[in-house]
Amino acid sequence: MPAPITILGLESSCDDTAAAVLRDAGGEVTLLSSLVSGQSDLHAAYGGVVPEIAARAHAERLDLMVEQAVAEAGIALSDIDAIAVTAGPGLIGGVLSGVMCAKGLALGLGVPLVGVNHLAGHALTPRLTDGVAFPYLMLLVSGGHCQFLRVDGADDFTRLGGTIDDAPGEAFDKVAKLLGLPQPGGPSVERAALSGDPARFALPRPLLDRAGCDMSFSGLKTAVLRARDTLVAAQGGLSEQDRADLCASFQAALRDVLAEKARRALSGQGDLTCFAVAGGVAANQILRAALEGVAGAQGLRFLAPPLALCTDNAAMIAWAGLEAFRAGRRDGMDLAARPRWPLDHRSPALIGSGKKGAKA
Ligand code: KG4
Ligand code: ZN
C-alpha cells in the first residue's frame, strides 16, 4: 500500500483566494479542509474583475488562507507532503501570487511542488466527489469558460467544442446588468425567470445550424439588449413582467443551445461512464434539468458536484495535484505561471479572452 499523502492545494487564478488540504491514505481520500475567500466586494464598483486588485488581494490573503486551511484540517504545516498550485490559465498576476506562495512553502518545507491546470481541476472534480472512472464527458460552464471535454485520463483531455466568444456566465451577468438586476447575474436572472414566459421573445439559438459542438453566446446577449431597447422605446420603460419574460426567454435559448450541443458531444462517444458538469452556471436548475435529460436519453448517469466544488475552489486543485503526484509529476522552482494553458494540446486554442482572462 502506498504511503499516505497529505497535499495542500492553492487557487488564485481569478477572484477567489482558496486553500485546501486533502489526505490520501492508500486510496481512502479525505478532504480535511477547503476554504475560499471571494473578492466580489473589491471589484463591485468596476463592473468586472480588475486584475491588479485581484493579484494584490491574493498576495495579501494567501498566507492567511493556508494558515486557516491547515488549522481547520487539524494538522501542522510540517505534516504536508506536497503542494499543488494553480499555474494557469487565468489572470497572470493572481496565478503568479499563488505560484510564488507555493514555491516558498515547498522550499521552506522541503516538499515537492506540482503545478496544476485550473481547468483540469474542474474537469477532474467528479473523481474526487464520486470516484468516477475514465472516460467521461465534462461540460465546464462558468463565468470564464464553456467547453465540452472528453476525459480519458488525468492528463488526457479532448476538447469536443467550446464557446468562440462569451462564456454563459458572462452572458448571464451582462443580461442582468442590462435589465438592472443584481450581480452575479446567474442567480438573479434565474430567479426573475421563474415568473416569466420563455416563449414571449424569439431569441436566437446561435450556431445550432453549424455542425459540431462549438458555441457562441455574445449574439444572444445582444438580442436581449435589442428586445429591451424596443420595449423601452415603445413604452418608456420595462415592467417587472417584461424583465421576467426577457430572463425566461434568454434562459430558454441558452438551455436549447447547451442541450443540443451536449447531445452532439455525447453521441458516438459510446464508452462513457457518465456526463458531468462543473462551473458556477451548473447551479442553474433549468439548464441542469435539460442536461440531465440529454444524459438520460442516452442511458448515461448525470453528475453535478456539490456547488462549493463546482465553483472555483482549492480542493479540486489539491485533487488534480494528487493525481499528477501519483503519476510521478514534480515541478521545480522554474514552474511558470501561464495566462493560457489549453487542456487539449491537439485542438487549436480558443480565441478571445473573457472578462476573467484568457479562455484557455
Ligand atoms: O465557476 P464560477 O463561480 O466562477 C468562474 O467563472 O470561474 O462561475 C461564476 C458564474 C457567474 O457568471 C454567475 O453569474 C454564474 O456562474 N452563475 C449562474 C448561477 N449561479 C452562478 N448562472 C446561471 N444560473 C445560476 N443559478
Ligand atoms: Zn474556474
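The values are calculated or read from the model by the stated rules, or taken from the named source; none is laboratory data. Everything numeric in this text was worked out from a predicted model, so none of it was measured. Here Cβ is always computed from backbone atoms with ideal geometry, including for glycine, and neighbour counts include all displayed protein chains. For the accessible areas, the whole protein counts, side chains as well, though only heavy atoms, and no ligand, DNA or RNA atoms are used. Shrake-Rupley method; radii C 1.70, N 1.55, O 1.52, S 1.80 Å.
The table below lists the values:
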{"quantity": "Some residue of region 266-276 being within 16 Å of ligand 2 (Cβ to nearest atom) and in the same structural domain as L194 (by TED's automatic domain parsing)", "calculated": "yes"}
{"quantity": "Single residue of region 31-53 satisfying the filter (assigned to a helix (DSSP H, G or I) and more than 16 Å from ligand 1 (Cβ to nearest atom)) that is surrounded by the most Cβ atoms within 10 Å (Cβ to Cβ)", "calculated": "I53"}
{"quantity": "Selected residue (criterion: nearest to ligand 1 (Cβ to nearest atom)) from residues of region 1-30 that are part of a loop (DSSP other than H, G, I, E, B) and over 17 Å from the mean Cα position of the chain (by Cα)", "calculated": "G27"}
{"quantity": "Test result for R301, outside the structural domain of G144 (by TED's automatic domain parsing) and either open to solvent by 30 Å² or more (accessible area, probe 1.4 Å) or touching a residue at least 12 places away in the same chain (Cβ under 8 Å) (or both)", "calculated": "no"}
{"quantity": "Test: G328 is at pLDDT 95 or above, not β-branched (V, I, T) and not in a loop (DSSP other than H, G, I, E, B)", "calculated": "no"}
{"quantity": "Scan of region 69-93 for residues that are hydroxyl-bearing (S, T, Y) and open to solvent by less than 20 Å² (accessible area, probe 1.4 Å), ordered by number", "calculated": "T86"}
{"quantity": "Single condition G144 does not satisfy, out of (1) assigned to a loop (DSSP other than H, G, I, E, B); (2) of a type outside the set (A, V, I, L, M, F, W, C); (3) farther than 25 Å from A336 by Cβ", "calculated": "(3)"}
{"quantity": "Filter pass, F157 being closer than 18 Å to L287 by Cβ, in contact (Cβ under 8 Å) with a residue 60 or more places away in the chain and within 21 Å of the chain's Cα centre (by Cα)", "calculated": "no"}
{"quantity": "First in region 1-30 and closer than 16 Å to G144 by Cβ and open to solvent by 10 Å² or more (accessible area, probe 1.4 Å), second anywhere and modelled with pLDDT of 95 or more and within 13 Å of ligand 2 (Cβ to nearest atom), Cβ under 6 Å, 6 or more apart", "calculated": "D16/V36"}
{"quantity": "Residue within region 166-177 that is surrounded by fewer than 17 Cβ atoms within 10 Å (Cβ to Cβ) and assigned to a loop (DSSP other than H, G, I, E, B) present", "calculated": "no"}
{"quantity": "Residue count for region 114-128, restricted to those that are surrounded by fewer than 24 Cβ atoms within 10 Å (Cβ to Cβ) and more than 16 Å from ligand 2 (Cβ to nearest atom)", "calculated": "1"}
{"quantity": "Region 266-285 residues that are at positive phi, paired with ones that are buried (at least 22 other Cβ atoms within 10 Å of the Cβ) and small (G, A, S) (beta carbon under 6 Å, 6 or more apart)", "calculated": "G279/S142"}
{"quantity": "Matching residues in region 261-281 - criterion: being farther than 16 Å from V151 by Cβ and part of a helix (DSSP H, G or I)", "calculated": "K261, R263, R264, G280, V281"}
{"quantity": "Within region 283-320, considering residues that are touching a Cys at 6+ places or on another chain (Cβ under 9 Å) and near ligand 1 (Cβ under 8 Å from one of its atoms), the one modelled with the lowest pLDDT", "calculated": "A283"}
{"quantity": "Selection count where residues are without any contact (Cβ under 8 Å) to a residue 24 or more places away in the chain, part of a helix (DSSP H, G or I) and over 28 Å from I53 (Cβ atoms), scope region 78-127", "calculated": "0"}
{"quantity": "Per-region count, region 1-49, residues touching a Lys or Arg at 6+ places or on another chain (Cβ under 6 Å) and within 19 Å of G280 (Cβ to Cβ)", "calculated": "5"}
{"quantity": "Complete set of residues in region 251-286 that are open to solvent by 50 Å² or more (accessible area, probe 1.4 Å) and under 18 Å from P126 (Cβ atoms)", "calculated": "D271, T273"}
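Okay, residues lined up against (1) more than 16 Å from ligand 1 (Cβ to nearest atom); (2) part of a helix (DSSP H, G or I); (3) out of contact with any Cys (no Cβ under 7 Å at 6 or more places or on another chain):
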residue	(1), (2), (3)
R150	yes, no, yes
F157	yes, no, yes
G162	no, no, no
S188	no, yes, yes
